[in-house]
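To start, the structure itself, in structure tokens.
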Amino acid sequence: MPEPITIATWPFGRSAVQAAMKALAKGEPALDAALAGAQAVEDDTSIRNSVGFGSLPDRLGRLTLDACLMDGRTLACGAVACVEHIRHVAALAKRVMEKTPHVLLVGEAAKWFALQQGFPLEVPYTAESIKEWLDAHPDLKKKGEKQPEKPIAADGASDINVNEFNHDTVTVLSLDAKGHLGGVCTTSGLAYKLPGRVGDSPIIGAGLYVDDEAGAAGATGVGEEIIRIGGSLFIAEQMRGGKSPQEACELACKRANAAAGRRGVHPARVAFLALDRKGNVGAAATEKTNFQYAVGRGEKVELLKAKEIGPTA
Ligand code: ASP
């Protein structure tokens, strides 16, 4: 039997790992453990630039959330995107998986589904997040104008930079004592995104992919670049073909760099992590992402820095 393990993106992944490891210690399945971990981060409004309520909104000041999850044993999966006023979007993605024949529900309709499922409607803003949004839009504050001064370029990634102040995703991958894998990804997306923009995080195969027969993989960073290369499915398929989680993550970074190079946009800003059924862990990021991830085995939780892969690697 494998030793249970959980890995999660970014330093706030520590609290995700702690919550997931507690659930695994009680014998919960990997998917439920990863969900408990993701929800711990969704509930933490002190993570201001990040996942869940209180994080940075879109260009119009509206906070919309995206999430997905996947069970490695059955390949069951569910997702929601662009959902406003619902706090626990990862749990909502699980309802999509369990209660509908579909994988992905979006926007207002996803919100109605949440209401039907008994989720409360809540105000997702905090005093700090409103202040932060106003500070980022000084012209709005001064003149009451409706348009931000610099819209995101229509081709998506070209002027999007991910740094420690605007990345927003917790991806949690768990391996349970029975040897099954489960993963959850939840985010408010890129800060100040165009309204309606959906990144990789709720897209199965881009922000997350989990298959017991291959491995589990998840992503963070500029979603447009991750979608373009089908990042998490790419990593899972590399593992299926015999690559280690580490090798597979590094190959995904090379592919993202090559894709950015073909469009004349360097460097790519993406990071990946992966876990196989033997408990082997991998993580890699493109240059200057300063990507850190949390790893929990037993009661020990470590924060590690991922290897960075430059455009010439
Ligand atoms: N991948 C997320 C998105 O593009 C953002 C992030 O992880 O920083 O929505």
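Throughout, read-outs are computed from the coordinates displayed, never taken from laboratory work. The shown structure was predicted, so the numbers you read here are calculated from the model rather than taken from an experiment. Heads up, the Cβs are rebuilt from the backbone with ideal geometry, glycines too, and the neighbour counts pull from every protein chain shown.
Of the listed pairs Lys278/Lys305; Lys22/Lys300; Lys99/Lys178, which have alpha-carbon separations greater than 19 Å here?
Values: Lys278/Lys305 22 Å; Lys22/Lys300 11 Å; Lys99/Lys178 25 Å.
Table pairs above 19 Å Cα-Cα are Lys278/Lys305; Lys99/Lys178.
Averaging sequence separations of C-alpha pairs under 8 Å and six or more residues apart, then dividing by the length of region 1-133, give the relative contact order as a whole percent. Walk me through the intermediate numbers first.
Numbers: 231 pairs, mean separation 25.0, N = 133.
Contact order relative to length: 19 percent.
Report the local net charge at Phe53: Lys and Arg +1, Asp and Glu -1, summed over other residues whose C-beta lies under 10 Å from its C-beta. Provide the component values of the computation, followed by the final result.
Working: positive: Arg87; negative: Glu42, Asp43, Asp44, Glu122.
Residues close to Phe53 contribute a combined charge of -3.
Pairs of Cα atoms under 8 Å, at least six residues apart: use those to get the relative contact order of the chain, whole percent.
Values: 883 pairs, mean separation 70.6, N = 313.
Averaging sequence separation for qualifying contacts and normalising by length gives 23 percent for the chain.
Evaluate E = 1/(1 + (r/R0)^6) for His102 and Val123, where r is the Cβ-Cβ distance and R0 equals 25 Å; express this FRET efficiency to the nearest 0.05. Don't skip to the answer; put the middle values down first.
Details: r = 28 Å, r/R0 = 1.12.
Rounded to the nearest 0.05, the efficiency is 0.35.
Taking the Cα centre of the chain as the origin, how large is its charge dipole in debye, to the nearest 20, when only Lys and Arg (+1) and Asp and Glu (-1) carry charge on their Cβ atoms? Write down the numbers at each step before the final one.
Values: 36 positive and 38 negative charges, 50 e Å.
That gives a dipole near 240 debye.
If we sort 197-204, 96-103, 255-262 on the protection proxy, mean other Cβ atoms within 10 Å, highest first, what's the order?
Descending packing order for the listed peptides: 197-204, 255-262, 96-103.
Can you sort Tyr293, Tyr209 by how many other beta carbons sit within 10 Å, fewest first? Intermediate results must be reported in sequence, preceding the final value.
On the way: Tyr293 28, Tyr209 31.
Listed from fewest to most nearby Cβ atoms, that is Tyr293, Tyr209.
Apply the Karplus curve 6.51 cos²θ - 1.76 cosθ + 1.60, θ = phi - 60°, to the phi angles in region 263-268 and return the couplings in whole Hz, x for Gly and Pro.
Karplus values, whole Hz, x for Gly and Pro: 9, x, 10, 10, x, 5.
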